[in-house]
Number of protein chains: 2
Amino acid sequence: MNGKLIVLSGPSGTGKSTVIASVMAQYPNLQFSVSATTRAMRPGETDGKDYFFVTRETFLQMLENGELLEHAEYVNNFYGTPEKAVNDALASGIDVLLDIEPQGALQVKARRDDAIMLFLAPPSIPILESRLRGRGDTSPEAVEKRLQQARWELSQAEKYDYIVVNDRVETATQEILAIITAEKCKTQDRIHRIKEEP
Amino acid sequence: MNGKLIVLSGPSGTGKSTVIASVMAQYPNLQFSVSATTRAMRPGETDGKDYFFVTRETFLQMLENGELLEHAEYVNNFYGTPEKAVNDALASGIDVLLDIEPQGALQVKARRDDAIMLFLAPPSIPILESRLRGRGDTSPEAVEKRLQQARWELSQAEKYDYIVVNDRVETATQEILAIITAEKCKTQDRIHRIKEEP
C-alpha cells in the first residue's frame, strides 16, 4: 500500500513548524519533505533539515529540469518541493508531509488528486496579525506585505479538504493524526481487505 | 454546530456490539440510537437499551406513521430506527451512532447525505463464517441463511465511506474515533472559524 501525501499549509505565523514537530514526534511513519528555497537561512535552521538552501540559479535549474512538484515565490524568495524524494517515500509505504505556502499547496492539489489538503488556521485573525507584527526581523513594509499575503492565504482555506485550528498544539496534533488515520480507513484503500479469499 | 450522524454497519458476527460499547466508553458526546425490533429478546439484552422490543403490529404502525428513518427485514424480523430521537440529539450538538444492518444502512445513506457511513468488517471471511456457525442458538437452515446474508452484506461494503476491520477491538475503536474527529475537521464544518471578525 502506498503512503499518503499530506499537504499542510496555512499563513505564515500560524505555528506550522511547531505543530509539524509535534506530529512527527508522535507518528514515526511520516517523512517530512524538505523544500528547496532561495531565502536566507534563519538562526537555528539547518541546511538539509529545515530547507535545502540553494542559490537562485540552482533553483531555476531545478525548475527547468522539471524536478519540482510545486514552487512558489514568497516575499521575493523561491520555495519548491523536489518531487523524486516524495515519490520514493510514498512508493515504499511511508507517508509524506509537505509544509508549503498556500500558493504552492494548490499547485500540488491540481497535479495530484491523492494529496490530502490540510489548512492550519490561526486561533483568530487578530492573533495572527499580532504574531506577524511581533517577529521583529523585518521592516514595516515587509510586515505589511506579510499581512496582505496572510489575508489572501486565509481566503484560500475553502479549497482545502480539512481545516485544523491551532488553538493548542496538542489538539491540532491529535486532529492531524486523526485525519491521517481516517484517510487510511477510506473504502478505496480498504476494500481489498474484505474480498473473499480463494 | 449540529452533531454528526454516524452509521456503523456490517454483517452479523463482526463484533459490532463490542466495538460500539468500546467507542461509547471512550467518547461521551455520542448517543447510541436504540432501534425498534420485532425479534425476540436474547439473554442479557434489555428493552429500551439494546432495542425497543415491539410487536409486529406496533412496528407496522410506526412504519405507516412515517416515524422510522430506515427499516429492514432480517431473518424474518423487522428492525427500524425511530427518526425523531436522532434529529433531536443532532440538533443539540450530540453525535448519534446508528448500528444497523447493511440493508437499512443504505436507506439512511440515500435519505441523508450527511450520514457518515462506516462498514465494520470481520478480520477474514473464514473467521466470520466460523462465528456465525458457532452461535448455537439457531438451526442449520438459519445458519445457512445468515451466511448467505453475510455474503450479500460484504458485497455492499464498497458503498460505504470508510471500512474499519475488526482485527482488534481497541484498534477498531481508535479508528472509529479518528474518523469522527476527522469528519469534524472537514472544511465545510470549519470554514466559519477563519472568517475575519468584524
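Go through the residues of region B:63-74 one by one and say whether even a single one is of a type in the set (Phe, Trp, Tyr) and closer than 19 Å to B:Arg146 by Cα. Write out each step before concluding.
Taking region B:63-74 as the starting set, the residues that turn out to be of a type in the set (Phe, Trp, Tyr) are B:74.
Those left that are additionally closer than 19 Å to B:Arg146 by Cα: B:74.
Among the residues of region B:63-74, at least one is of a type in the set (Phe, Trp, Tyr) and closer than 19 Å to B:Arg146 by Cα, which makes the answer yes.
The conditions are (1) more than 20 Å from B:Tyr27 (Cα to Cα); (2) out of contact with any Phe, Trp or Tyr (no Cβ under 8 Å at 6 or more places or on another chain), and B:Lys184 fails exactly one of them. Which is it?
(1) is the only condition that B:Lys184 fails.
With respect to the numbered conditions (1) in a helix (DSSP H, G or I); (2) over 15 Å from A:Val164 (Cβ atoms), which one is the sole condition not fulfilled by A:Ser12?
(1)
Tally up the residues in region A:117-158 that are of a type in the set (A, V, I, L, M, F, W, C), at pLDDT 90 or above and either surrounded by fewer than 19 Cβ atoms within 10 Å (Cβ to Cβ) or farther than 25 Å from A:Val23 by Cβ (or both), please. Show your work before the answer.
Taking region A:117-158 first, the residues of a type in the set (A, V, I, L, M, F, W, C) are A:117-121, A:125, A:127-128, A:132, A:142-143, A:147, A:150, A:152, A:154, A:157.
This time we only want the ones that are at pLDDT 90 or above, so: A:117-121, A:152, A:154, A:157.
Keeping just the survivors that are either surrounded by fewer than 19 Cβ atoms within 10 Å (Cβ to Cβ) or farther than 25 Å from A:Val23 by Cβ (or both) gives A:152.
The qualifying residues number 1.
Out of curiosity, is B:Val164 among the aliphatic types (A, V, I, L, M) and over 17 Å from the mean Cα position of the chain (by Cα)?
no
Taking A:Asn76 as the residue in question, decide whether it is surrounded by fewer than 19 Cβ atoms within 10 Å (Cβ to Cβ), out of contact with any helix residue (DSSP H, G or I) (no Cβ under 6 Å at 6 or more places or on another chain) and polar (S, T, N, Q).
Details: surrounded by fewer than 19 Cβ atoms within 10 Å (Cβ to Cβ): yes; out of contact with any helix residue (DSSP H, G or I) (no Cβ under 6 Å at 6 or more places or on another chain): yes; polar (S, T, N, Q): yes.
Yes.
Table: residues versus (1) of a type in the set (S, T, N, Q); (2) over 18 Å from B:Pro102 (Cα atoms); (3) at the interface with chain A (Cβ under 7 Å from one of its Cβ atoms).
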position	(1), (2), (3)
B:Ala121	no, no, yes
B:Gly134	no, yes, no
B:Lys145	no, no, no
B:Asp167	no, yes, no
B:Glu170	no, yes, no
B:Glu175	no, yes, yes
B:Ile180	no, yes, no
B:Asp189	no, yes, no
B:Lys195	no, yes, no
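Restricting the first residue to region B:78-98 and requiring it to be under 18 Å from B:Lys49 (Cβ atoms), which pairs with a second residue that is of a type in the set (Phe, Trp, Tyr) meet a Cβ separation below 7 Å and a spacing of at least six or different chains?
Pairs that qualify, where the first residue is under 18 Å from B:Lys49 (Cβ atoms) and the partner is of a type in the set (Phe, Trp, Tyr), are B:Gly80/B:Phe59; B:Leu97/B:Phe32.
Has region B:1-17 got any residue that is hydroxyl-bearing (Ser, Thr, Tyr) and out of contact with any strand residue (DSSP E or B) (no Cβ under 9 Å at 6 or more places or on another chain)?
Keep residues of region B:1-17 that are hydroxyl-bearing (Ser, Thr, Tyr), which gives B:9, B:12, B:14, B:17.
Filter again for out of contact with any strand residue (DSSP E or B) (no Cβ under 9 Å at 6 or more places or on another chain), leaving none.
Scanning region B:1-17 turns up no residue that is hydroxyl-bearing (Ser, Thr, Tyr) and out of contact with any strand residue (DSSP E or B) (no Cβ under 9 Å at 6 or more places or on another chain).
Out of A:Ala182, A:Ala105, report the one residue that is modelled with pLDDT of 95 or more, over 15 Å from B:Ile194 (Cα atoms), of a type in the set (A, V, I, L, M, F, W, C) and crowded, with 18+ Cβ neighbours inside 10 Å. Quick ask: steps written out before the conclusion?
Numbers: A:Ala105 fails: modelled with pLDDT of 95 or more.
Just a single option satisfies the conditions, and that option is A:Ala182.
I'm trying to understand the selection: among the residues of region B:18-60, which are touching a residue at least 40 places away in the same chain (Cβ under 8 Å) and among the basic types (Lys, Arg)? Before you say what the answer is, go through the steps one by one.
Of all residues in region B:18-60, those touching a residue at least 40 places away in the same chain (Cβ under 8 Å) come to B:18-20, B:22-24, B:26-27, B:29-39, B:42.
B:Arg39, B:Arg42 - these are the residues of region B:18-60 that are touching a residue at least 40 places away in the same chain (Cβ under 8 Å) and among the basic types (Lys, Arg).
So, in region A:147-165, of the ones that are in contact (Cβ under 8 Å) with a residue 12 or more places away in the chain, under 29 Å from B:Ile179 (Cβ atoms) and in a helix (DSSP H, G or I), which residue ends up farthest from the other protein chains (Cβ to nearest Cβ)?
Step by step, filter region A:147-165, then rank; the result is A:Glu153.
Inside region B:15-38, can you point out the residues that are loosely packed, with under 14 Cβ neighbours inside 10 Å and in a loop (DSSP other than H, G, I, E, B)?
Answer for region B:15-38, where residues must be loosely packed, with under 14 Cβ neighbours inside 10 Å and in a loop (DSSP other than H, G, I, E, B): B:Pro28, B:Asn29.
Taking only region A:108-127 into account, find how many residues are farther than 18 Å from A:Ser12 by Cα and within 13 Å of the chain's Cα centre (by Cα). Full working, then the answer.
To start, the set of residues in region A:108-127 that are farther than 18 Å from A:Ser12 by Cα comprises A:108-116.
With the extra rule that they be within 13 Å of the chain's Cα centre (by Cα), the set shrinks to A:108-109, A:115-116.
Residues meeting the conditions: 4.
The values are calculated or read from the model by the stated rules, or taken from the named source; none is laboratory data. These figures come from a predicted structure and were not determined experimentally. Virtual Cβ from ideal backbone geometry, glycine too; neighbours counted across all protein chains shown.
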